[in-house]
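Quick notes on the structure that follows.
The values are calculated or read from the model by the stated rules, or taken from the named source; none is laboratory data. Keep in mind it's a predicted model, so treat the numbers as computed, not measured. Here Cβ is always computed from backbone atoms with ideal geometry, including for glycine, and neighbour counts include all displayed protein chains.
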Amino acid sequence: MKKLRILIVLSLFAGALSAQENNFLLYSFKGNVSVIENKVESKAKVGKSLGASSTLKVPAGSMVTLICNEAAMFTLNKPGTYNLKNFGDSCRVSSNSVSANYVKYVWAQMTKPTGSAGSNRKAYMNTVGAVARSMNNVWIDPRLDTVNYAGGDFPLSWKSYAEAKDFEFSLFSADNISTPFFTTFVSKLKIPIPSIATKIKPGTSYFWTAAIKGEENEEMKVLNYVSKETFAGVLENIKSQGTPFEGPAEQAYRIAFMLEDAHYLSEAYQYYSKAAVADPTNALYRSTLMSFKKDYEIK
């Protein structure tokens with residue numbers, strides 16, 4: 001009976017050790033980093049999944065950043081041979097970690113076997129807007145509930161449940177949402193923000209809506225015209241949240257994700273485009289850019 005108890009305890013202990021084994025994802029690297037698995041050495045590749053038994057070889061002048069267990073991100077920036085089983089402490093999320101939502105998102109996208117990569121970004125974002133229910137024939141995506149805009153070519157868009165050829169776009173000041181100070185008619189289901197830029201002032205918030213010509217739409221959305229100086233501060237803060245090393249493509253992609261989460265959609269589009277150009281072989285970056293353009297009616 002005593003031996004049986006010992007065997008049970010040992011089995012539970014072994015199971016606990018097994019459950020604590022860490023998994024890693026190669027997020028970004030620079031130089032001739034290589035991976036050793038089952039005594040076979042191969043070149044590092046962004047998005048590669050690694051187990052605790054894997055080894056990384058980091059030559060002088062090279063760096064590599066890993067994601068561990070979906071939540072933590074850390075960088076190896078000194079030359080050496082690293083057994084990943086020794087990095088359990090690095091798998092703990094610290095207060096200065098990159099956005100946990102972003103790390104979980106990248107892990108999910110790079111490890112899932114099927115599905116359209118980059119299409120479910122909003123599931124990992126904090127501020128995606130509430131679903132609006134209205135009785136009119138025009139519907140505006142909740143992702144456009146609030147748009148922070150500092151510059152660039154980006155449209156405000158909507159969908160129509162009825163066949164219509166003309167739509168009325170209206171702008172309201174924050175202190176008078178009963179009467180629009182600007183209206184225009186368009187034949188498309190969107191209007192480029194640059195086309196109304198002369199009607200709005202940086203540092204000011206507005207409301208907007210769209211309706212079929214001759215109808216009304218009480219659903220209002222917010223457009224914050226942010227000054228260049230304010231956006232520069234936002235961008236600098238986002239850039240500072242990166243790891244000790246990110247490749248140009250990885251940094252651009254992270255910035256884009258965080259800008260989109262902060263409702264800087266025009267600026268996010270610019271950085272998703274930068275990521276896709278910086279690493280054209282990365283399917284996630286290409287797919288996300290295509291998904292973003294589809295979501296926001298960018299042609």
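Among what's in region 212-238 and is in contact with a Phe, Trp or Tyr (Cβ under 7 Å, 6 or more places away or on another chain) and of a type in the set (Lys, Arg), pick the residue that is modelled with the highest pLDDT.
Checked region 212-238; the qualifying residue modelled with the highest pLDDT is LYS221.
Hey, GLN241 hits all of (1) at pLDDT below 95; (2) surrounded by 21 or more Cβ atoms within 10 Å (Cβ to Cβ); (3) farther than 21 Å from LYS45 by Cα but one; which does it fall short on?
Condition not satisfied by GLN241: (2).
Residue by residue through region 73-107, note down the ones that are part of a helix (DSSP H, G or I), surrounded by fewer than 19 Cβ atoms within 10 Å (Cβ to Cβ) and either modelled with pLDDT of 90 or more or of a type in the set (Lys, Arg) (or both).
Matches in region 73-107: LYS85, ASN86, LYS104.
Listed residues GLU297, GLU236; which is on the phi > 0 side of the Ramachandran plot and either more than 11 Å from the chain's Cα centre (by Cα) or not assigned by TED's automatic domain parsing to the domain that holds SER62 (or both)? Walk me through it before giving the result.
Values: GLU236 fails: on the phi > 0 side of the Ramachandran plot.
Sole residue among the options that is on the phi > 0 side of the Ramachandran plot and either more than 11 Å from the chain's Cα centre (by Cα) or not assigned by TED's automatic domain parsing to the domain that holds SER62 (or both): GLU297.
Based on what the data block shows, is PHE185 over 30 Å from GLN109 (Cβ atoms), aromatic (Phe, Trp, Tyr), surrounded by fewer than 18 Cβ atoms within 10 Å (Cβ to Cβ) and at pLDDT 95 or above?
So PHE185 passes the test.
Only one of (1) in contact with a Phe, Trp or Tyr (Cβ under 8 Å, 6 or more places away or on another chain); (2) over 24 Å from PHE74 (Cα atoms) is not met by SER287, so which one is it?
(1)
Out of all the residues in region 268-292, which are assigned to a helix (DSSP H, G or I), touching a residue at least 24 places away in the same chain (Cβ under 8 Å) and among the polar types (S, T, N, Q)?
Once the filter is applied, which keeps residues that are assigned to a helix (DSSP H, G or I), touching a residue at least 24 places away in the same chain (Cβ under 8 Å) and among the polar types (S, T, N, Q), region 268-292 yields GLN270, SER287, THR288, SER291.
For GLU260, state whether it is closer than 22 Å to PRO142 by Cα, part of a helix (DSSP H, G or I), charged (D, E, K, R) and at pLDDT 95 or above.
Against the criterion (closer than 22 Å to PRO142 by Cα, part of a helix (DSSP H, G or I), charged (D, E, K, R) and at pLDDT 95 or above), GLU260 qualifies.
Taking ILE298 as meeting all but one of (1) out of contact with any Lys or Arg (no Cβ under 8 Å at 6 or more places or on another chain); (2) aliphatic (A, V, I, L, M); (3) buried (at least 22 other Cβ atoms within 10 Å of the Cβ), write down the number of the exception.
The one condition ILE298 does not meet is (3).
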